[in-house]
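Have a look at the structure below, then the notes.
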Amino acid sequence: MKKLLFVLFMAACFALPALAQEKTATTPRWNHGDNVSNITYRIVQVYRVYDQNDAYIVLYEKQDAQIGQVVIPKKWADVEGPTEQKLFFRDKIKNLGSYMTVYYKNGDFWKVMLTVPFNHRDTVWSVAPYGTQVDANVETLDVDF
C-alpha cells in the first residue's frame with residue numbers, strides 16, 4: 001500500500017509541470033510602458049578630490065582596479081550662473097566611503113554628484129599641486145568606468 005501511494009505521488013509530481021499554463025507575458029514586469037525612466041546613473045568610489053582654482057580634479061576607482069581622473073569645472077556648481085547647475089555636493093555619512101554619482105539623460109551626460117565630507121580637512125580633500133593646469137571649459141563629463 002505504501003509503495004502504491006509513493007508511486008502515485010511521484011506520478012503526480014511529474015505530471016503537474018506538464019499541465020502548467022504557459023507564461024504569455026512579453027514585457028518585463030518592471031516595464032509598464034509610461035513609467036520607464038530615461039535617466040540612468042553610475043556610481044564610482046572617490047579616492048581624492050584636488051581643489052584647483054577653476055576646477056575639481058577627482059581621482060576615482062575604475063572597474064579594472066585602476067585609478068581614473070576626471071576634471072569637473074567649479075562653474076557647474078554655480079546656482080545663479082547662466083547655465084543649468086551640473087555639479088552637486090552631498091555630505092558623506094560617517095562610516096561610508098566617498099563616491100561620485102554620474103547621471104545620464106537619454107544616454108548623454110546630465111549631472112554629477114560628489115558625496116564627500118564637507119570638511120575640507122578630511123583626507124579625501126587636497127589642494128592641487130602648484131602649477132597644475134586643467135581645461136575647465138568643458139561642457140560634458142567623460143568618465144571612463
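For segment 68-121, which whole-number percentage of the solvent-accessible area (1.4 Å probe, protein heavy atoms only) is attributable to carbon and sulfur atoms? After summing per-atom areas, the C and S share lands at 51 percent. What residues qualify as long-range amide H neighbours of residue 48, i.e. H under 5 Å apart, gap of 5 or more or another chain, H built at 1.01 Å from N? It is 59, by chain and number. Protein heavy-atom accessible surface, 1.4 Å probe, per residue over the chain: 75 Å². Sequentially through segment 94-105, phi angles give Karplus couplings (6.51, -1.76, 1.60; θ = phi - 60°) of 3, 9, 10, x, 6, 8, 10, 10, 10, 9, 10, 10 Hz, Gly and Pro residues having no value and appearing as x. Under the rule a/c < 1.5 gives rounded, and otherwise a/b versus b/c splits prolate from oblate, where does the chain land using the Cα gyration tensor? Note, shape of the chain comes out prolate. All other residues whose Cβ lies under 15 angstrom from that of residue 46 are scored, Lys and Arg at +1 and Asp and Glu at -1, for a net of 0. A simple rule links phi to the HN-Hα coupling: the Karplus curve 6.51 cos²θ - 1.76 cosθ + 1.60 with θ = phi - 60°, which for segment 2-9 gives 5, 5, 5, 5, 5, 5, 5, 5 Hz, with x for Gly and Pro. Scalar couplings 3J(HN,Hα) for segment 106-112, obtained by applying the Karplus form with A = 6.51, B = -1.76, C = 1.60 to θ = phi - 60°, are 6, x, 10, 4, 10, 8, 9 Hz; x denotes Gly and Pro.
Within the set of other residues whose C-beta is less than 13 Å from the C-beta of residue 113, count the net charge using Lys and Arg as +1 and Asp and Glu as -1.
Values: positive: 42, 86, 90, 92, 111; negative: 91.
So the environment of residue 113 carries a net charge of +4.
Residues 126, 37 ordered from highest to lowest accessible area at a 1.4 Å probe: 37, 126.
Electrostatic tally near residue 144: other residues with Cβ closer than 12 Å to its Cβ, Lys and Arg +1, Asp and Glu -1, net -1.
The values are calculated or read from the model by the stated rules, or taken from the named source; none is laboratory data. From a predicted model like this one, the values you see are computed outputs, not experimental measurements. For neighbour counting, all protein chains shown are included, and Cβ atoms are generated from backbone atoms with ideal geometry for every residue, glycine included. When the accessible area is computed, the model is the full protein with side chains, heavy atoms only, and any ligands, DNA or RNA have been set aside. Shrake-Rupley method; radii C 1.70, N 1.55, O 1.52, S 1.80 Å.
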